[in-house]
Amino acid sequence: MAAKTPPGSLSILQSFRALLDRNFYRDEGAKLGPIFKTAQYHKPAICLTDLALGHRLLREHADSLGAAIQPFTHDVSGGFLRYMDHATHKIYGPMFRRALSRPIVTQSIQCAHEVVRRRLQQVSPAVDLEQQLRIATREVFTRVLLGIEPNSPAYQRFQESFVDIAKRHVRQRLGPKAVAALQQLRGKFRTAPEQVCALSELAVLQGGEVDDIAIDNLLFILRNSANDMSGLLVWVVEFLGLHPEWLEKVRVGDVPDLSARIMKETVRLSRSEYLYRLVNTEFEFEGYVFPKGWLVRICVAEGHRDPRWFPDPDRFNPDRFKNYSPPDNQYSPFGIREHACNGVDLSMMLGSVLIEELAAYEILLSNVGKTKLRFRHWNHWMPKTKVMLRKRL
Ligand code: HEM
């Protein structure tokens with residue numbers, strides 16, 4: 001008998017359910033099995049809620065699966081790293097891994113502390129924490145990626161040139177004004193700045209002059225990843241507010257790796273959601289057909305709540321990572337294989353800085369327990385909580 005597509009419904013109603021219910025993919029997986037189909041608006045998608053299956057799919061059918069490209073990549077010289085063709089990625093993937101590695105990122109740690117401290121001090125009933133974390137992330141990323149100090153005239157000038165690029169969404173192409181701004185910024189970032197940063201490392205790796213592919217990717221990483229990061233920071237505050245005993249342990253100090261464990265647990269519960277791929281050539285997997293043109297969603301968040309690997313999975317417990325690193329096919333918050341995230345060290349550095357700076361505060365939460373998602377399947381769930389910070393004496 002000819003193989004069929006996986007069980008499930010392609011009704012548009014499924015699409016809306018996924019946008020309204022954070023447990024949609026988990027519940028569908030429980031009902032239909034770990035491989036099922038659904039719709040994302042007009043597009044059919046096959047979902048895998050078992051992370052080990054997701055790993056195997058990406059390994060066994062790498063040649064039939066391509067990137068699920070976002071339109072902005074066409075404005076990036078050579079394409080954005082995530083969507084680059086194989087030959088170009090082979091050169092630039094490792095280069096960016098070096099440029100964003102721990103020795104480079106930690107050069108900005110002092111600056112990150114100063115920025116985050118200053119931003120937390122601003123929070124008040126009239127000044128939203130989420131907004132301050134967004135600004136802090138942008139300031140720290142600009143330092144780490146381009147070597148520009150926050151609060152400097154150079155930072156101000158950069159923001160003015162970057163604003164037209166920054167305000168476009170990943171699904172939008174740049175307009176003429178933004179294209180002109182990008183062209184102008186390429187000229188500015190051709191050579192290494194004084195500060196050690198990703199740009200200076202790229203200049204070393206490229207033998208002096210940085211090319212358009214590297215500059216464009218830095219600028220688009222700054223635009224796209226800063227949003228991902230500030231969202232993660234919001235969740236860090238949420239969990240530490242809900243579980244103040246962990247912040248107390250940070251305050252008391254002398255607990256090795258505690259900030260890193262808090263980050264891993266926050267990412268497990270609230271920031272690793274999915275990987276998307278596009279089927280380029282039809283194939284069969286686990287007895288099901290994966291038709292050409294369909295999306296594949298590896299449901300990472302659901303895998304991270306698998307009670308076989310994470311007992312009492314909904315509980316926030318950083319100690320589950322104490323002296324233990326789960327294998328990749330159980331815990332993959334930063335992606336899989338050659339296109340895995342190269343911002344891990346930066347994410348961990350900035351998250352740890354925030355946790356250490358928060359130790360000076362009591363976190364007061366109200367309107368707890370509700371989450372929101374802007375109306376897109378590729379957005380991330382965010383808490384609706386109202387947060388206030390009270391300085392400890
Ligand atoms: C909130 C924290 C973050 C999470 C959970 C995260 C997650 C991910 C995931 C899952 C992927 C793989 C996507 C795929 O294969 O389809 C990825 C790729 C990537 N991430 Fe992140 N990321 C985070 C922060 C960052 C930061 C801070 C940066 C850079 C400063 C960054 C830069 C990138 C880049 C450039 C890629 C593509 C890598 C390549 O294709 O070579 N990410 N990220």
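Within segment 297-341, list the trypsin sites (Lys or Arg not before Pro) lying in a DSSP loop whose Cβ has at most 11 other Cβ atoms in a 10 Å radius.
On the way: sites: Arg297, Arg305, Arg308, Arg315, Arg320, Lys322, Arg337; in loops: Arg305, Arg308, Arg315, Lys322.
In loop regions of segment 297-341 (DSSP not H, G, I, E or B), the sparsely surrounded trypsin sites (Lys or Arg not before Pro) are Arg308, Arg315.
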Next item on the list: Report, in debye and to the nearest 20, how large the dipole of the chain comes out about its Cα centre when Lys and Arg carry +1 and Asp and Glu carry -1 on their Cβ.
Entry: 900
Check: Which trypsin sites (Lys or Arg not before Pro) does segment 251-295 hold that lie in a coil by DSSP with at most 12 other beta carbons within 10 Å?
Finding: Lys292
Next item on the list: Under a 10 Å cutoff between Cα atoms, tell me which one of Gln195, Gln184, Gln40 has the largest fluctuation in the Gaussian network model of the chain.
Entry: Gln184
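Which value in deg cm²/dmol, rounded to the nearest 500, describes the helix-derived mean residue ellipticity at 222 nm for the chain, given -39,500 (n - 2.57) per DSSP H run of n ≥ 4 and division by the residue count? Don't jump to the answer; show the numbers that get you there.
Details: 15 runs with 185 residues, N = 393.
Rounded to the nearest 500, the figure is -14500 deg cm²/dmol.
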Notebook entry, point to check: Which aspartates and glutamates, on any chain, are close to Lys372 with Cα under 12 Å apart, when same-chain ones fewer than 8 places away are left out?
Noted result: Asp21
Item checked: nm² value of the averaged projected area, convex hull over the Cα atoms of segment 21-151 -> 12.7
Check: What's the percent breakdown of Cα-Cα distances in the chain across 10 Å bins, shortest bin first?
Finding: 5, 21, 31, 27, 14, 2, 0, 0
Note to self: Checking the cross-link filter: which lysines have an alpha carbon closer than 22 Å to that of Lys177, excluding same-chain neighbours under 8 positions apart?
What the structure shows: Lys167, Lys188
Next item on the list: Could you tell me what % of all Cα pairs in segment 346-392 have separations over 16 Å?
Entry: 59
Check: Rounded to the nearest whole Å³, what is the per residue volume of the convex hull around the Cα atoms of segment 304-393?
Finding: 162
Item checked: Restraint check, Lys37/Lys370; Lys249/Lys391; Lys4/Lys31; Lys4/Lys292; Lys322/Lys370, Cα-Cα greater than 22 Å -> Lys37/Lys370; Lys322/Lys370
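Bear in mind that the values in this text are calculations on the coordinates, not laboratory data. Everything numeric in this text was worked out from a predicted model, so none of it was measured. Glycine also receives a Cβ, built like all others from the backbone with ideal geometry; neighbour counts cover every protein chain displayed.
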